[in-house]
Amino acid sequence: MIGKILNKYRYKFWAPERYARYIGVKIGKGCLISTKNFPSEPYLIEIGDHVRVAKNVSFFTHGGLWSQRKKYSNLDYFGKIKIGNYTYIGEGAYIMPGVTLGDDVIIGAGSIVTKSVEDGLIVAGNPARVVGKTSDFISKIQNISVPAYGMNPVQKKDFLLNLDESRFIKK
C-alpha cells in the first residue's frame, strides 16, 4: 500500500527525467525529457545523448493483444525501443514496439512511428513517413536563425516583435 502511494507521489511530483530513470528507462547525457508516458516495461527503452522528448509523447513496448488472449492464453509480444543521439521527438508522438530511431532524427508532433527511422531523417504523420532530411532542414533554418535562445521572456518578446518579417519561417 505504501509502495503504491510512493509511486503515485513520484509520478505526480518528480521531474519527468528523474521519474523515467527511476522506473528503468536508460537515458544518456544532456537529454530533456518532458513526458511520463512510459509502458509497464520501461526497462526496454534506451535513449541516447542530447535527445529531446516533448510533452505527451507515449512509448509502447508491447502489443494490444488483451482480447486475443481470451482465445490464445499465452499470446504476447514485446519490442525494445532505441533512440539515437541528437534526436527530437515532437509533442504527442507515439513510438511503437520494436522501433529504433537513429542519430539526428526529427519526429514531427503527433506522429505515430510504426517503423524504425534511419539516421538523419525527418518523419511525420500517421503512420509516420519520411518527409525530409535533417541536414536539409538545418541548412534552411540557418538562413533565418535568430539569436533568441537564452533570453528571458520579456527580452524575447521585445526581440521577436521588432524582428524583420523576412527572419520568420514561412510555409
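The values are calculated or read from the model by the stated rules, or taken from the named source; none is laboratory data. Values in this document were obtained by computation on a predicted structure and should not be read as measured data. So basically every Cβ, Gly included, is an ideal-geometry build from the backbone, and we count neighbours across all protein chains shown.
Per-structure values
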| quantity | calculated |
| --- | --- |
| Matching residues, the stretch 146-171, being loosely packed, with under 11 Cβ neighbours inside 10 Å and without any contact (Cβ under 8 Å) to a residue 12 or more places away in the chain | Pro147, Tyr149, Gly150, Asn152, Pro153, Val154, Leu161, Asn162, Asp164, Glu165, Lys170, Lys171 |
| Test: residue in the stretch 114-129 that is under 13 Å from the mean Cα position of the chain (by Cα), hydrophobic (A, V, I, L, M, F, W, C) and assigned to a loop (DSSP other than H, G, I, E, B) | no |
| Selection status of Tyr86, at positive phi and either within 15 Å of the chain's Cα centre (by Cα) or surrounded by 18 or more Cβ atoms within 10 Å (Cβ to Cβ) (or both) | yes |
| Check on Gly102, within 23 Å of the chain's Cα centre (by Cα), in contact (Cβ under 8 Å) with a residue 12 or more places away in the chain and more than 17 Å from Ala54 (Cβ to Cβ) | yes |
| Every residue from the stretch 40-52 that is at pLDDT 95 or above and either under 15 Å from Ile95 (Cβ atoms) or not acidic (Asp, Glu) (or both) | Glu41, Pro42, Tyr43, Leu44, Ile45, Glu46, Ile47, Gly48, His50, Val51, Arg52 |
| Residue in the stretch 64-82 that is in a loop (DSSP other than H, G, I, E, B), within 14 Å of the chain's Cα centre (by Cα) and either surrounded by 14 or more Cβ atoms within 10 Å (Cβ to Cβ) or of a type outside the set (S, T, N, Q) (or both) present | no |
| Neighbours by Cβ (under 7 Å, 6+ apart or cross-chain): first from the stretch 1-17, charged (D, E, K, R); second part of a helix (DSSP H, G or I) | Arg10/Tyr19; Arg10/Tyr22 |
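One line per residue, one yes/no per condition, for (1) over 18 Å from Pro39 (Cβ atoms); (2) of a type in the set (Phe, Trp, Tyr); (3) modelled with pLDDT of 95 or more:
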residue	(1), (2), (3)
Val57	no, no, yes
Gly64	no, no, no
Lys70	yes, no, no
Ile81	no, no, yes
Gly84	yes, no, yes
Gly98	no, no, yes
Gly120	yes, no, yes
